[in-house]
Amino acid sequence: MSQGKAVIFCAPSGAGKTTIVQQLVKRIPELRFSISATTRSKRNYEEHGKDYYFLTKDQFDQKLEEDELFEWQEVYTGTFYGTLKSEVEKIWDQGFHVIFDIDVVGGVNLKKRLGDRALAIFVNAESVEVLRERLTNRNTETPESLEKRIGKAVEEMAYAPKFDYELVNRVLADAVDEAENLVKDFIK
Ligand code: 5GP
């Protein structure tokens, strides 16, 4: 078994997790992003095999049956996401540490499985009001879907104490620096 470690990033929607993870992959050469499998449709800026492995529900079910997923969740009703065992093994075999961008429930499960081998970071917004403001300004939501996301975010925030570290994203550049320090310290 190689000695690769795992860094898990989770957050309520709108907290800035994805940007932080992308920056960390650029700044820390020992890290490799774990590309998940998903049944959601590809957005036009995304690439199969880079952002996700886009699978049909049948293909996803087959991975499940063949026990090829490390963890999985139905993050949105009818939309499934899962971490492939082969992806994580490949990264560790190549001598890298793996970084995950997954939902909070999947993150808590992974941390339980990996124990001290993993650092689980919960990226949070300062408050529900700030989150609401960000999601509103993003202009991608209808009033109904905004309320749904806020509702889910409030539920997700309750998971923060289950993580090793809560990183409050007040100013993005500072949050990225703080995340970089935490991760470098953990993998050194
Ligand atoms: P999106 O569809 O916006 O890319 O992702 C939706 C949510 O699914 C995000 O919170 C993302 O972190 C989460 N997610 C992505 N991949 C996985 C995975 O492999 N497992 C779990 N549990 N969640 C995932």
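The values are calculated or read from the model by the stated rules, or taken from the named source; none is laboratory data. Remember, it's a predicted structure, so these values are computed and weren't measured experimentally. Here Cβ is always computed from backbone atoms with ideal geometry, including for glycine, and neighbour counts include all displayed protein chains. Heavy atoms of the whole protein, side chains included, go into the accessibility calculation; ligands, DNA and RNA do not. Shrake-Rupley method; radii C 1.70, N 1.55, O 1.52, S 1.80 Å.
With respect to Arg43, determine if the residue is basic (Lys, Arg) and either more than 10 Å from the ligand (Cβ to nearest atom) or open to solvent by less than 20 Å² (accessible area, probe 1.4 Å) (or both). Considered against the rule, which asks whether it is basic (Lys, Arg) and either more than 10 Å from the ligand (Cβ to nearest atom) or open to solvent by less than 20 Å² (accessible area, probe 1.4 Å) (or both), Arg43 comes out as no. Right, Glu71: within 15 Å of the ligand (Cβ to nearest atom) and assigned to a strand (DSSP E or B) or not? When the stated conditions are applied, Glu71 passes them.
Cβ-Cβ distances below 6 Å connect the following pairs, each with a first residue in segment 105-121 that is within 12 Å of Phe70 (Cβ to Cβ) and among the small types (Gly, Ala, Ser), a second residue that is open to solvent by 30 Å² or more (accessible area, probe 1.4 Å) and within 13 Å of the ligand (Cβ to nearest atom), and a separation of six or more residues or different chains: Gly106/Gln73; Ala118/Lys111.
Could you grab me the full set of residues in segment 1-40 that are part of a helix (DSSP H, G or I) and either near the ligand (Cβ under 10 Å from one of its atoms) or in contact (Cβ under 8 Å) with a residue 12 or more places away in the chain (or both)?
First, pick out the residues of segment 1-40 that are part of a helix (DSSP H, G or I): 17-27.
Within segment 1-40, Lys17, Thr18, Thr19, Ile20, Val21, Gln23, Leu24, Val25, Arg27 qualify.
When you check Lys162 against the structure, is it touching a residue at least 24 places away in the same chain (Cβ under 8 Å), touching a Lys or Arg at 6+ places or on another chain (Cβ under 9 Å), open to solvent by less than 60 Å² (accessible area, probe 1.4 Å) and within 16 Å of the ligand (Cβ to nearest atom), yes or no? Lay out the reasoning, then the answer.
Numbers: touching a residue at least 24 places away in the same chain (Cβ under 8 Å): yes; touching a Lys or Arg at 6+ places or on another chain (Cβ under 9 Å): yes; open to solvent by less than 60 Å² (accessible area, probe 1.4 Å): no; within 16 Å of the ligand (Cβ to nearest atom): yes.
No, not satisfied.
Taken as a whole, the structure places Thr140 among residues that are of a type in the set (S, T, N, Q), open to solvent by 20 Å² or more (accessible area, probe 1.4 Å), more than 18 Å from the chain's Cα centre (by Cα) and within 11 Å of the ligand (Cβ to nearest atom).
Just checking, how many residues over segment 70-101 are of a type in the set (A, V, I, L, M, F, W, C) and under 14 Å from Tyr53 (Cα atoms)? Spell out the reasoning first.
From segment 70-101, those of a type in the set (A, V, I, L, M, F, W, C) are 70, 72, 75, 80, 84, 88, 91-92, 96, 98-100; that's our starting set.
With under 14 Å from Tyr53 (Cα atoms) added as a condition, the list becomes 72, 80, 84, 88.
The number of residues fulfilling the criteria is 4.
Among the residues of segment 89-134, those that are of a type in the set (Lys, Arg), open to solvent by 50 Å² or more (accessible area, probe 1.4 Å) and within 14 Å of the ligand (Cβ to nearest atom) comprise Lys112, Arg113. Among the residues of segment 56-73, the one identified as surrounded by 19 or more Cβ atoms within 10 Å (Cβ to Cβ) and acidic (Asp, Glu) is Glu71.
The listed residues are Tyr76, Tyr81, and the only one of them that is open to solvent by 40 Å² or more (accessible area, probe 1.4 Å) and within 8 Å of the ligand (Cβ to nearest atom) turns out to be Tyr76. Evaluation of Glu30 against the conditions (1) surrounded by 15 or more Cβ atoms within 10 Å (Cβ to Cβ); (2) at pLDDT 95 or above shows that the sole unmet condition is (1).
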